[in-house]
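Written out below as structure tokens is the structure these notes cover.
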Amino acid sequence: MGGTNLRVCEITLPEEKSEFDIIQSKYRMPEELKTGKSEELWEYIADCVQQFFEFHHEEETGVVPLGFTFSYPATQNYINHGILQTWTKGFDIEGVEGHDVVPMLEDAIAKRGLPIKVSALINDTTGTLIASAYTDISTKIGCIFGTGCNAAYMENVGSIPKLAHLKLDPDTSMAINCEWGAFDNEHLVLPRTAYDVKIDRDSPRPGQQAFEKMVAGLYLGEIFRLVLVDLHDNNEVNIFEGQNIERLRKPYSLDASFLSSIEEDPYENLSETQDLLLKYLDINTNRSELELIRRLTELIGTRAARLSACGIAAICKKKNIKSCHVGADGSVFNKYPHFKERNAAALREILDWPSDTRKDPIEVVASEDGSGVGAAVIAALTNQRIRDGNLAGVKPPAA
Ligand code: BGC
């Protein structure tokens, strides 16, 4: 479950290492669900699972273990458990924050009589990390650059102060979901523009996800829109003079794909951009307005890519990683023009690799659909452990 789509995947892990077979269906998360009622959310997800299951899953093989990729910050005391800390990415559904989401999904699935049990809940970044490492052992970090943005890496338990009381073996590895979207919620470090401030103020959760609100796909179109409205209303600049910009005034009416199309406009005279503005916003543009618009998308896209590189570099510095692959997924990474190059260029600058370095030692590589595969790997490992009688970290069924 992500911020824009829900995917249901059936994944088969054969005997051969690094291999998997996947069948999947993608469903859109309906806009009204994001601020609707909790039951409606779980019913919708269970409906999608049911549809998929009835269509694809012919053989009856007993209880099917489900890995639930839940792309929101959750507190996890067990692998099959996750208390939602706070909604992000514009979601605002009452009655879920502070609760374990696993029974909510399981109840909706059970109501439909489906033989499915949630074996594991994981964050999408952890899923991406595990899936990428499953196919490429040089992977050390998993990232999502999509509607939201975040990363995960493996840490030794001995370096996690909040787990000291558990007295675990300090060398045991544990996946850390960084939730770096919440970096600088105190607004002490990142230079924010008036547009960043407004996005935060008008969001369902002001003061949260400060970093995410500057880099993630959900916000790129809105930053762009706010700048244009400001330039229009501001008497000194006066773009789109004398035109009705009502369509542009609608919050969140432009998504990141609008910026992508502008950045991709191949024509010197930016004629595709001109058509886009006319078609979607009913705004006529002259040459200098078009140049300003293109430059604006470049600035917004470049800032997002460069700030994202700071996150990767921070993990590499903390863990003293000198070379690795970073598995990445998400619409911004996969579809936003130049994101990868801008991100790589920033990483080179921050980590200060010599200019004659032939191949970047730390490389961000695509891990498309990784989070689903990662969830399946974790669900399979958990089931294996249970079969072996090792119940550590597994929540026992309610009495
Ligand atoms: C969530 C993270 C998630 C990221 C990418 C953020 O809004 O807080 O848990 O990993 O989006 O989907």
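The values are calculated or read from the model by the stated rules, or taken from the named source; none is laboratory data. Computed from a prediction, not measured in an experiment: that's the story for all the values here. Please note: Cβ atoms are built from the backbone with ideal geometry, for glycine as well, and neighbour counts cover all protein chains shown. Please note that ligands, DNA and RNA were not included when accessible areas were found on the heavy atoms of the full protein model with its side chains. Shrake-Rupley method; radii C 1.70, N 1.55, O 1.52, S 1.80 Å.
Could you check how much of the accessible area of segment 206-364 is carbon and sulfur, as a whole percent, using a 1.4 Å probe?
Solvent-exposed carbon and sulfur of segment 206-364 make up 49 percent of the total.
Using 0.36 nm per residue, how much length does the chain from residue 236 to residue 61 gain when fully extended, once their Cα-Cα distance is taken away? Before the final figure, lay out the partial values.
Values: separation 175, 0.36 × 175 = 63.00 nm, distance 6.90 nm.
Stretched out fully, the residue 236 to residue 61 stretch lengthens by 56.1 nm.
By its C-alpha gyration tensor, with a ≥ b ≥ c as the square roots of the eigenvalues, how is segment 191-268 shaped: rounded for a/c under 1.5, else prolate for a/b larger than b/c, else oblate? Display every interim value, and only then the final one.
Numbers: a/c = 1.95, a/b = 1.28, b/c = 1.53.
It is oblate, given that a/c is not under 1.5 and a/b is not larger than b/c.
Which length gain, in nm to one decimal place, applies between residue 298 and residue 15 when the Cα-Cα distance is subtracted from 0.36 nm times their residue separation? Mind dumping the intermediate values first?
Working: separation 283, 0.36 × 283 = 101.88 nm, distance 4.63 nm.
Extending this stretch completely gives an extra 97.3 nm.
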Considering only DSSP states other than H, G, I, E and B, which GluC sites (Glu not before Pro) in segment 139-215 qualify as loop sites with at most 13 other Cβ atoms within 10 Å? 186
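Any chance you could run the full-extension gain for residue 268 through residue 288? It's 0.36 nm times the residue separation minus the Cα-Cα distance, nm to one decimal.
Details: separation 20, 0.36 × 20 = 7.20 nm, distance 1.25 nm.
6.0 nm is the gain from fully extending residue 268 to residue 288.
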Taking the dipole of the chain about the Cα centre (Lys, Arg +1; Asp, Glu -1; charges at Cβ), the one of 145, 239, 172 that reaches farthest to the positive side is 172
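With r defined as the distance between the Cβ atoms of residue 323 and residue 384 and R0 fixed at 30 Å, what FRET efficiency is calculated, to the nearest 0.05? Present the calculation step by step, with values, prior to reporting the outcome.
Working: r = 31 Å, r/R0 = 1.04.
That gives a FRET efficiency of 0.45.
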Between 0 and 90°, nearest 10: helix 101-111 axis offset from the chain longest Cα axis: 70
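Going by accessible area, probe 1.4 Å, with all protein chains left in place, what is the ranking of 261, 203, largest first?
261, 203
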Treating only the Cβ of Lys, Arg, Asp and Glu as charged (+1, +1, -1, -1), what charge dipole size does the chain show about its Cα centre? Round to the nearest 20 debye. 1040
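Please give the net charge around residue 84, taking every other residue with its beta carbon less than 9 angstrom from that of residue 84, where Lys and Arg add +1 and Asp and Glu add -1. Before the final figure, lay out the partial values.
Working: positive: none; negative: 97, 100.
Taking every Cβ under 9 Å from that of residue 84, the sum is -2.
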What is the diffusion coefficient of segment 288-377 in µm²/s, taking the Kirkwood radius over Cα pairs and the Stokes-Einstein relation at 4 °C with a viscosity of 1.567 mPa s? 89
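Any idea of the accessible area per residue across the chain, 1.4 Å probe, to the nearest Å²?
On the way: 20090 Å² over 399 residues.
Computed with neighbouring chains in place, this is 50 Å² per residue.
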